[in-house]
1. Free of Cβ contacts under 8 Å to residues at least 60 places away in the same chain, away from the ligand (no atom under 16 Å from the Cβ) and open to solvent by 50 Å² or more (accessible area, probe 1.4 Å): is that true of residue 30 in this structure?
2. Given the criteria free of Cβ contacts under 8 Å to residues at least 40 places away in the same chain and small (Gly, Ala, Ser), does residue 284 qualify?
3. What is the number of the single condition among (1) modelled with pLDDT of 95 or more; (2) open to solvent by 40 Å² or more (accessible area, probe 1.4 Å) that residue 38 does not meet?
4. Being assigned by TED's automatic domain parsing to the domain that holds residue 22 and in a helix (DSSP H, G or I) narrows it down to one of 135, 101, 119, 106, so name that one.
5. Scan region 180-196 and tell me whether some residue there is modelled with pLDDT under 95, β-branched (Val, Ile, Thr), over 20 Å from the mean Cα position of the chain (by Cα) and not in a helix (DSSP H, G or I).
6. Kindly indicate whether any position in region 177-199 is open to solvent by less than 60 Å² (accessible area, probe 1.4 Å), touching a Ser or Thr at 6+ places or on another chain (Cβ under 8 Å) and within 12 Å of the ligand (Cβ to nearest atom).
7. Considering only residues of region 226-274 that are of a type in the set (Val, Ile, Thr) and over 21 Å from residue 41 (Cβ atoms), which is surrounded by the fewest Cβ atoms within 10 Å (Cβ to Cβ)?
8. Looking at region 206-219, can you tell me whether even one residue there is away from the ligand (no atom under 14 Å from the Cβ), under 25 Å from residue 122 (Cβ atoms) and open to solvent by 60 Å² or more (accessible area, probe 1.4 Å)?
Amino acid sequence: MRAKIIGTGSYLPEKTITNLDLSALMDTSDEWIKSRTGISERHLVSSETETTLSMAVNAGKSALTDSGLLPEDIELIIVATVSSDFITPSTACMVQKELGAVHAAAFDVNAACSGFLFALNTADAYFQAGIYQNALIIGVETLSKIIDWKDRSTCVLFGDGAGAAVLHADPEGIIANLQGSNGEGGHVLMCKNRTNNNPFITTDTCPDYLYMDGQEVFKFAVKKETECIQELLSQAGLVPSDVSWYLLHQANQRIINSIARKLKLPLDKFPSNVGHCGNTSAASIPILLDEIHRSGMLTQGDLILLSGFGAGLTWGAALLRW
Ligand code: COA
């Protein structure tokens with residue numbers, strides 16, 4: 001049995017911040033941001049009640065309703081995030097409590113922007129092993145609390161939000177998947193957890209906020225995501241045009257355009273929401289999946305290829321039948 005997606009959900013914070021809003025705060029412009037990234041606006045949390053947990057719960061509830069399953073049917077909850085509210089307990093355990101998913105084992109994964117794919121592939125491995133039948137996976141980020149709002153080269157890129165999927169064991173779900181990591185490249189995208197106040201250690205100078213070498217990340221993303229897609233297609237004995245929809249990590253429209261060009265595919269096979277969401281890291285792929293599902297774009301039997309990359313460095317992909 002493989003993991004089949006039977007319900008999706010998402011949550012975006014109410015507050016929308018446009019490029020114009022940002023240009024009132026820092027030396028940037030709508031033209032610079034839009035021409036380099038395709039981003040026009042992003043949703044950001046703007047109250048203490050909107051948290052990583054609250055967004056995850058909202059997305060999870062919505063996915064459960066869409067699936068027709070009840071919280072007590074869920075046996076596994078995996079939350080992908082690098083911006084949990086607490087170091088412990090995990091966001092997944094807190095989601096379990098809020099949903100009343102009393103039969104679920106729950107844990108978080110940290111694979112940055114590839115996190116939702118690592119969660120999906122992990123759940124699929126449990127299903128293949130015959131351990132679970134029903135799972136809830138969530139990608140959620142409040143990156144607004146870990147980015148440096150004085151660094152215009154990173155803060156304009158990101159947004160907050162959550163996306164979720166309910167998975168059921170089925171002979172016709174995931175067809176092929178892969179994931180990988182290269183810790184050697186980790187220094188191009190990193191964020192220290194918090195300042196150490198251990199009196200016996202001299203505090204080092206690693207930045208507390210997200211640091212990124214944008215051009216290195218760009219090159220890595222285009223190369224690795226294209227390779228992942230080609231590898232999955234070859235595993236499945238398919239050619240690029242066989243896939244109905246490519247849902248790529250929503251980091252930058254130029255990255256998506258480059259990958260479409262390399263695969264010689266029209267851009268309309270690559271739905272995108274980076275324009276109004278920015279980069280929501282682990283949440284980007286499930287938010288996009290939920291948006292296109294709810295807009296009626298998906299037909300039963302469609303072949304969907306999900307692919308992402310992120311800090312770590314990490315990458316992951318999954319080919320599945322809708
Ligand atoms: N507004 C205006 N100017 C800005 C700016 C902003 N928000 N941010 C940076 N700049 C300036 C830089 O200071 C630099 O100025 P200089 O030439 O005087 O030194 C100039 O713009 C060009 O910067 P550069 O880094 O060369 O731009 P770029 O074309 O590489 O685009 C990114 C920058 C970040 C948009 C691009 O590299 C990118 O998208 N990388 C991938 C990032 C990513 O996907 N991260 C998520 C990983 S999950």
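The values are calculated or read from the model by the stated rules, or taken from the named source; none is laboratory data. Everything numeric here is computed off the predicted structure, so don't read it as measured data. Neighbour counts run over all protein chains shown; Cβ positions are idealised from the backbone, glycine included. These accessible areas exclude ligands, DNA and RNA; they are computed on the full protein's heavy atoms, side chains included. Shrake-Rupley method; radii C 1.70, N 1.55, O 1.52, S 1.80 Å.
1. No; evaluated as a whole, the condition is false for this residue.
2. Spelling it out, it is not the case that residue 284 is free of Cβ contacts under 8 Å to residues at least 40 places away in the same chain and small (Gly, Ala, Ser).
3. The single condition residue 38 does not satisfy is (2).
4. Of 135, 101, 119, 106, the one residue that is assigned by TED's automatic domain parsing to the domain that holds residue 22 and in a helix (DSSP H, G or I) is 119.
5. Yes, there is a match, as at least one residue in region 180-196 is modelled with pLDDT under 95, β-branched (Val, Ile, Thr), over 20 Å from the mean Cα position of the chain (by Cα) and not in a helix (DSSP H, G or I).
6. Taking every residue of region 177-199 in turn, none turns out to be open to solvent by less than 60 Å² (accessible area, probe 1.4 Å), touching a Ser or Thr at 6+ places or on another chain (Cβ under 8 Å) and within 12 Å of the ligand (Cβ to nearest atom).
7. Across region 226-274, the extreme among qualifying residues is 239.
8. No: region 206-219 contains no residue that is away from the ligand (no atom under 14 Å from the Cβ), under 25 Å from residue 122 (Cβ atoms) and open to solvent by 60 Å² or more (accessible area, probe 1.4 Å).
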